[in-house]
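Since every read-out is calculated from the coordinates, none of them should be taken as a lab result. All of these numbers come straight from a predicted model, not from anything done at the bench. Don't worry about glycine lacking a Cβ; one is built from the backbone with ideal geometry, like all the others, and counts go over all protein chains shown.
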């Protein structure tokens, strides 16, 4: 079931506090079954599946390209962490991070196509827009955290899960986690407004989060926040939702394979 | 070209708010804006336009950005300045989507006192509908975050005029009336 609420402090607090169960645990057999399903969809190159691809029904639109708007989450989130560790201006934290990426590129530690490599080739004005976009994201994230409540911790990274022998990496987006007693509530912040497939995207992130957990424990509730729309959608960490997420991932892999075959033909 | 002018001035605002030094208001802004585009239609249109059109746009953008520089001032980080803030609020059970983009939002919705201020920048002179635009921004922001903003301003880089309005219930009620009128007119026209 998909629950919808307004993105206000009161509604969100009620949504978080109303979690009744502590989530499911994926055992080894369930992981193996899921891996087998993905291995049955062959691929000649490594593939990456995330909630976005699931929401696009496996049809990737344009190849990824670095732009200030695609770099903002990575740089802005790292800056938000620094601001929390050591109180300072968000823009200064963003500039430090951009400098570090560029230093890595200059010293030959960044591979071709990486963020550092791209940043090092930008004009000062374009670099300024990267700083502007990342600072916007940093403020956006910290503001969202303040609404959720300061018990919420920012996630240092997304969840990555490699499916054995399937050349498949699953990437689950997450921005904040709230741990209370034995329950874990994970939040993902998105710009824009939720589409019709937002529920499938949330279940995918719920599944990947559980697969990436050392003990396979799913979040009690996975909440998607769309501040632009003032909306919150959530799914519970039930076995039904985890299965639904797994089916959506396999479907996306099948659709992606069909698209590649069509292009090759 | 008018659309490109608006986009470049918005980009310049974003750069200035985030303390970026602009050596050349047009070239730097164009370079920054084009680095963020996946669709090059507008850029191609500019590059293939005749020299006269290009020169006019350059002069136009430089003039608007110089007004921004002169009047904008600086923003403390504690105000959480965010540029190009978009809203897409669904109302009437999803039957109606209210879209909006505010060029600059400062303040926080989590403050105990109303502290959110919105600034919209336009390259056109402020006309009769300026108040209506301000009311619409206030309404959408209220629906989006559930918090009534403190103040909304509309600034014209063409004339350096700034219209500032405090937000109250009367203003929000008038914004609803504006919306109702607009929907009625649209329905009749359809």
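Structure notes:
- Footprinting exposure proxy for A:11, B:128 (fewest neighbouring C-beta atoms within 10 Å first): B:128, A:11
- Most mobile listed residue (B:132, B:82, B:54) in chain B, GNM with C-alpha springs under 10 Å: B:54
- Against the main long axis of the alpha-carbon atoms of chain B, helix B:130-145 sits at an angle near 70°.
- Most mobile listed residue (B:107, B:93, B:127) in chain B, GNM with C-alpha springs under 10 Å: B:93
- Packing-based exposure ordering (other Cβ within 10 Å, fewest first) of A:223, A:147, A:261: A:261, A:147, A:223
- Per residue, the average separation of C-alpha pairs within less than 8 Å and at least 6 apart gives the stretch B:77-189 a relative contact order of 21 percent.
- Cα centroid separation, the stretch A:41-96 to the stretch A:190-240 (Å): 17
- Debye log10 I(q)/I(0) at q = 0.12, 0.21, 0.25, 0.26 Å⁻¹ for the stretch B:2-72, Cα point scatterers: -0.29, -0.87, -1.19, -1.27
- Sorting B:162, A:138 from the fewest to the most surrounding beta carbons within 10 angstrom yields B:162, A:138.
- In a fully extended conformation the segment linking residue A:100 and residue A:13 would gain 27.6 nm over its present Cα-Cα distance, using 0.36 nm per residue.
- Estimated FRET transfer efficiency (residue B:188, residue A:44; beta-carbon r; R0 60 Å; 0.05): 0.55
- Cα pair count fraction exceeding 38 Å, expressed as % - the protein assembly as shown: 29
- Ratio Rg/Rh [Cα only; Rh per Kirkwood] for the stretch A:120-265: 1.03
- Gain in span if fully extended, residue B:99 to residue B:5, counting 0.36 nm per residue against the direct Cα distance: 31.7 nm
- Most mobile listed residue (A:232, A:83, A:185) in chain A, GNM with C-alpha springs under 10 Å: A:83
- Three-way shape label, the stretch A:27-91, alpha-carbon gyration tensor, a/c 1.5: oblate
- Dividing the summed -39500 (n - 2.57) terms of all DSSP H runs of n ≥ 4 by the residue count of chain B sets its mean residue ellipticity at 222 nm at -16000 deg cm²/dmol.
- Kirkwood-type hydrodynamic radius, the stretch B:77-189: 14.7 Å, calculated from all non-identical alpha-carbon pairs.
- Ratio of the Cα radius of gyration of chain A to 2.2 N^0.38 Å, where N counts its residues: 1.04
- Additional length obtainable on full extension of the chain from residue A:251 to residue A:120, 0.36 nm per residue less Cα span: 43.3 nm
- In the stretch A:43-157, the C-alpha radius of gyration followed by the widest Cα-Cα span (Dmax) gives 15.9, 47 angstrom.
- Average Cα contact separation per residue, the stretch B:2-72, under 8 Å, 6 or more apart, as relative contact order %: 43
- For chain B, Kirkwood radius (reciprocal of mean inverse C-alpha pair distance, Å): 18.0
- Helix axis angle, B:51-72 relative to chain B longest principal axis, alpha carbon, degrees: 50
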